Amino acid sequence: MAQQPKPVPKLVVRNAVPADIPGIRALMIKAYPSFGDAAAYSEAQLRGQMHQFPEGQFVAAYEGQVIGYMATFRIPESLALSKHDWTTMTGRGYASRHDPQGDWIYGMDVCVDPDFRGQRIGQRLYTARRRLCQDLRLKGIVFGGRMPNLARRWNKVGSAEQYLELVIAGKQRDPVIGFQVRNGFEPIGVLKDYLPADQESRGYATHMVWRNPQVSAQPTSEPARVMRRPRTVRVAAVQYQLRAISSFEEFAHQVEYFVDVVADYRADFAVFPELFTLQLMSIENRKVPAAEAIAALSSYTARFKEMMSNLAVSYNVNIIGGSHPTREADGEVYNISYVFLRDGSIHEQYKVHPTPNERYWWSIRGGNRVNAIDTDCGPIGVAICYDCEFPEQVRHLTDQGAAILFVPFCTDERQSYMRVRYCAAARTVENQCFAVLAGTVGNLPNVDNMDIQYAQSCVLTPCDFPFARDGVAAEAAPNVEMVTIADLALDSLYAARQGGTVQNLKDRRFDLYSVIWRGP
């Protein structure tokens, strides 16, 4: 008799993945109608949460629909039990203050579809978070809980502290506090100005804790480490010489040569320079007007993407494909960095800030999306040349979890190059990240704006004791075609973020300033 297939469960609680992002955003808008559109995290914030601490983000899904979401991250006890506000603690919703060595879980958010309330969805999410805390052998869970009836009772109670006392004594009903207490949490105080936008709670929150009994009984136990990323990542910057060629096949042969080289050195990433595909314009062997050049170059886009993706898969190396000007369906030209991962997927990062020359010669428009890209070595960011001279853009990538910044560049003389390099070095210090720069050398006499090139490709690190002297892990000789390779110790980077000589990310003053990304 044929065995019947096991029924697929209708309701599951699991870790959130990027494909859940649209569903999570729709859920939050529905669950918090009083907040309006501000109720939902942006796509970038949700990516940041998943990148920072993937094990700590949960969804409840019913027949594929997201009906519950819970966001968490790890923090040290000194922060967990201190007075704080939501914006500062969560890094404005990106979970960017996640500490891999933190001994407490911080409950950043939880919401449930109103249509499914009464079916213990919140309880299931709380249980998943509690199990995570126990599996990691952490001290407990802490968060700021809403007080949704406070505003209505304010004239009667006079203060948030008095309101909390009445709720605990059973003389005042609050559905949120009551639910949390029934789930084993205890209030240890009130957090003022925790979330000013929460008008129902008058900006207050209950400081809630749940203490892990397994750890309380064994105070000397060490928190478990969850390693998601490799300890060391090998990167290669290809300092590529532009020279006249006669066919696309000749271009493909040159590119494959360098991919083959870096694969022999077992590199995890290879980065090519910005605009290196303009070499294809030399096939015409004549002076090509700028408008005609861009149209001709766009005709190579499909072949270029297919070639690079095949190389990434066959040579087992993630490739940042420099950048390639592309005319899109709207008729506009964009400078796009295509990122080819060795799993066969292709990602895009548009240049956000075209230079005056790019706008003049090729009418290039700026993109408006800046997304960290998840790879088998953790999330990365791409800032094309001029983009790395804008600190807000790289901070946005760091908030999403990027630890390595790839900077394909194309500069014509030393002053231009030094602007890119100095700014990339500044980004590594202020974001405590690595930066890998790759530029073009040589010349293309018949291509407008590509007459001369200057480059000294390099791999830059933060300036602290665990890293290379002068913050330079490796650098090429100027204006010579070559490959620069370096190993980047991610463990050292994360340790420096939490306990380095300076701790730029942790020490940000969210009460004074922040980067608010208005793009999609």
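Every read-out reported here was derived from the displayed coordinates using simple, explicitly stated rules and does not represent laboratory data. Bear in mind that the values here come from a model prediction, so they are computed numbers and not experimental data. FYI the Cβ positions are ideal-geometry reconstructions off the backbone, even for glycines, and counts take in every protein chain you see.
Details
- Over the Cα atoms of segment 232-499, the radius of gyration divided by the Kirkwood radius equals 0.94; this is the Rg/Rh ratio.
- Sparse-neighbourhood loop sites, trypsin sites (Lys or Arg not before Pro) in segment 102-210 - DSSP loop, at most 11 other Cβ within 10 angstrom: Lys171, Arg173
- Residue-averaged 222 nm ellipticity for the chain, from DSSP H runs of 4+ at -39500 (n - 2.57), nearest 500: -9000 deg cm²/dmol
- Share antiparallel - DSSP beta bridges, segment 232-499, percent rounded to 5: 55 percent
- Nearest 10 degrees, 0 to 90: helix 248-264 Cα axis against the chain principal axis: 60 degrees
- In this Cβ point-charge picture (+1 for Lys and Arg, -1 for Asp and Glu), the chain has a dipole of about 2340 debye about its Cα centre.
- The chain, relative contact order [Cα under 8 Å, separation at least 6], %: 13 percent
- Bridges between two residues of the chain, per DSSP, are antiparallel at a rate of about 70%.
- If both residues of a DSSP beta bridge must be in segment 386-518, then about 55% of such bridges are antiparallel.
- Nearest 10 degrees, 0 to 90: helix 490-499 Cα axis against the chain principal axis: 50 degrees
- Here the extension length gained between Ala26 and Gln101 equals 23.7 nm, from 0.36 nm per residue of separation less the Cα-Cα distance.
- Summing charges over neighbours of Gln254, with a neighbour being any other residue whose Cβ is under 12 Å away from its Cβ, gives -4 when K and R count +1 and D and E count -1.
- Translational diffusion of segment 284-330 was estimated from the Stokes-Einstein equation, with Rh taken as the Kirkwood radius over Cα pairs; at 25 °C and 0.890 mPa s the coefficient is 199 µm²/s.
- Using the Cβ of Glu392 as centre and a radius below 12 Å, the other residues enclosed give a net charge of -1, where K and R count +1 and D and E count -1.
- Computed log₁₀ I(q)/I(0) - Debye formula, equal Cα scatterers, no solvent, segment 409-467, q 0.12, 0.19 Å⁻¹: -0.34, -0.68
- C-alpha center-to-center spacing [segment 150-180, segment 83-106] in angstrom: 26 Å
- Segment 404-505 - Kirkwood radius from inverse mean 1/r over Cα pairs (Å): 14.4 Å
- Per the Cα gyration tensor, the chain maps to an equivalent ellipsoid with semi-axes of 48, 24, 22 Å, ordered largest to smallest.
- Ascending count of other beta-carbon atoms within 10 Å, so fewest first, for Cys410, Cys423: Cys423, Cys410
- Centroid-to-centroid, using Cα positions, segment 369-438 and segment 261-303 are 21 Å apart.
- For segment 466-520, trypsin sites (Lys or Arg not before Pro) are listed when DSSP marks them as loop and at most 12 other Cβ atoms sit within 10 Å of their Cβ; the list is Arg509, Arg518.
- Isotropically averaged projected area of segment 11-216, using the convex hull of Cα atoms (one quarter of hull area), nm²: 10.7 nm²
- Selection of GluC sites (Glu not before Pro), segment 30-105, meeting DSSP coil and at most 12 other Cβ within 10 Å: Glu63
- Which of Val436, Gln456, Gln254, positive extreme of dipole for segment 232-499 (C-beta unit charges): Gln456
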